[in-house]
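The values are calculated or read from the model by the stated rules, or taken from the named source; none is laboratory data. What you see is a predicted model, and the numbers here were worked out from it, not measured in a lab. Ideal geometry is used to build each Cβ from the backbone, glycine not excepted, and the neighbour counts take in all protein chains shown.
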Amino acid sequence: MRRYVLSTVLAVAAASSFALSAAVAAPVTGSGSAVPRAGSYAGAETFKPTPIPVQFTVTNGPKTVRSFASSARVKAGCKNNIAGYQAPTGPMKVTKAGRFSESLTTYPGPAVKVTVIGHFTRPAKVTGRITVKFKRAKGCNSSRAFTATRG
C-alpha cells in the first residue's frame, strides 16, 4: 500500500512540474493581440450614419502599416470651420503585441494633433481609434473608433 501511495505522489508531482514548466515556457502575446498578416486592409469608422472609410497595407518582413488612408472628423458644431483632417499615413511599425500608432502635428498646423492608434486583435482584423486634439478650440476634440479586416 505504501508503494502505491508513494508512486502516486511522485507521478502527480512529476505531472505538476511538467505542466508548470510548459506554462512558463509558453509565449505570452497579451490579451486579444495577434501578429498581423501582410496584405491590404479595409474597413470604416464605426460612426453612423455615414462611416468614413479606412484603408491601409501591412508589409511582409518587419510588419509595418503603410499608406493609411482616412480622415479625422471633428465634433459637429465646432467653430473652427474645418470638418476633417488628414490622418497620418505612416509608415507605422507594428510591435510584437500587434499595436501601431502615429501622430501628426505639422498639418494643418501646430495647434492640431491627429493620432492613429491600432491593435490587431486577430491576424486579419484590427481595431483602433483616430483622434483629433486642439490646443485652442475648446469642445472640438474628437475620437472615433474604426475596424478593418484583411481583404
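Residue-level analysis places THR131 outside the set of residues that are at pLDDT 85 or above, more than 15 Å from TYR41 (Cα to Cα), among the β-branched types (Val, Ile, Thr) and part of a loop (DSSP other than H, G, I, E, B). Against the conditions (1) touching a Lys or Arg at 6+ places or on another chain (Cβ under 7 Å); (2) basic (Lys, Arg); (3) without any contact (Cβ under 8 Å) to a residue 12 or more places away in the chain, LYS133 satisfies every one except (3).
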